[in-house]
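Working notes, beginning with the structure itself.
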Amino acid sequence: MVSRISILLACVVGVCSASTDTLPNNFPILNRAGTVATFSADGFVNLDNKFHSPVGANGRACESCHLPQTGWTSPRSQEREDLVAFLQAP
Ligand code: HEC
C-alpha cells in the first residue's frame, strides 16, 4: 500500500520513476514535522524487497508499521517527530 501511495505522490509532482517499485532518492514525504526523505546509495529506494513484502498469514509487511513518514523507523518515533516539530515552531 505504501508503495502505491508513494508512486502516486511521485507521479503527482512529475517525478515518476521508471519502475513502479522504486521511490526516487530524497523524495519528500509529508509528516507532522514538515517533510522527511530517504536516500539510498543505489540511487533510489527499492520498494520491492522483503521489507515491503507481506510476511506471515496476516498480510503485514515491515512497512505496515515502519512508515516512510517516520524514516522507516520505529512507530514510536512519532514522539521524536513531535519533539522536532515543537523545537522548530516559531
Ligand atoms: C505490527 C507493527 C510492526 C511490524 C509489522 C514490524 N514492526 Fe518493527 N517495530 C515495531 C514497533 C512498535 C517497534 C518499537 C518497539 C519498541 O520500541 O519497543 C519496532 C522496532 C523495530 C526495530 C528496532 C529499531 C527501531 O526502529 O525502533 C527494528 C530493527 C524493526 N522493528 C524491524 C522490523 C522489520 C525488519 C520488520 C519486518 C520483518 C518489522 N520491524 C515489522 C512494529 C512493527
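The values are calculated or read from the model by the stated rules, or taken from the named source; none is laboratory data. Note that the structure is predicted; figures quoted are calculated from it, not measured. With ideal geometry, Cβ positions are generated from the backbone for all residues, glycine too; neighbour counts draw on all protein chains shown.
Listing for the model above:
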{"read-out": "Lone unmet requirement of (1) more than 16 Å from the ligand (Cβ to nearest atom); (2) at pLDDT 90 or above; (3) not aliphatic (A, V, I, L, M) for Phe86", "value": "(2)"}
{"read-out": "Looking only at segment 17-58, and only at residues there that are near the ligand (Cβ under 10 Å from one of its atoms) and out of contact with any Cys (no Cβ under 8 Å at 6 or more places or on another chain), the one that is farthest from Ala89 (Cα to Cα)", "value": "Gly56"}
{"read-out": "Residue under evaluation Lys50, criteria (1) surrounded by 11 or more Cβ atoms within 10 Å (Cβ to Cβ); (2) modelled with pLDDT of 90 or more, criterion not met", "value": "(1)"}
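Residues are listed down the side, and each one gets a yes or a no for (1) under 21 Å from Thr22 (Cα atoms); (2) over 14 Å from the mean Cα position of the chain (by Cα):
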| residue | (1), (2) |
| --- | --- |
| Val36 | yes, no |
| Ala41 | yes, yes |
| Ala57 | no, yes |
| Ala61 | yes, no |
| Cys65 | yes, no |
| Ser74 | no, no |
